[in-house]
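Report on one structure; see the data block that follows.
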Amino acid sequence: MTGSSDDTNWPGTPPPQRPGHITAAAVLLVASALLSATIAVNDPSMTQFVYLLLFVTIGAAVRIRRGGRAACVTATVTAALFLVYLGPHVMWGFSDPGGPFQPEYAVRAVLAIAASGTGVSLLYAPRSRAYFRAHRQQTARSAR
């Protein structure tokens, strides 16, 4: 007999089922980016940067659902950049209620930070890592 007795090497092996929390992570990351964009509308110095991050996050979310490990890293980096952008808005909104950034901006920023943090944590859950690993192995086998 030629070949391996390993069941994962058969050419007709179905792709692994995507866990539901990967879709939830993608939705949370996009929702966080949209909330950040609503804050950026009133911050002209950062508008273009935040819109760029929004489009990168949407692209990463699509790739995450397909099992792209690099997209997971991209989404993590954009979530960290949103945290750096939104952190001052939280402080400004709660510390200076009469200023240009009202407490409602701070609340939106807190919601965006919580959504992106939850989304990133879901991406690195054990079942998510197993899905990304299995998808990477499957694409490596199909490339051979």
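The values are calculated or read from the model by the stated rules, or taken from the named source; none is laboratory data. All figures in this text were calculated on a predicted structure; none of them were measured in a lab. Cβ sites come from the backbone with ideal geometry, for glycine too, and all protein chains shown count toward neighbours.
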Problem - Leading residue by the ranking (modelled with the highest pLDDT) among those in region 39-57 that are loosely packed, with under 15 Cβ neighbours inside 10 Å and out of contact with any Phe, Trp or Tyr (no Cβ under 9 Å at 6 or more places or on another chain) - result: Phe55
Practice task
Kindly indicate whether Ser95 is modelled with pLDDT of 90 or more and of a type in the set (Gly, Ala, Ser).
Solution key: no
Exercise for the section: Among the residues of region 69-86, write down those that are among the small types (Gly, Ala, Ser) and touching a helix residue (DSSP H, G or I) at 6+ places or on another chain (Cβ under 8 Å). Expected result: Ala70, Ala71, Ala75, Ala79
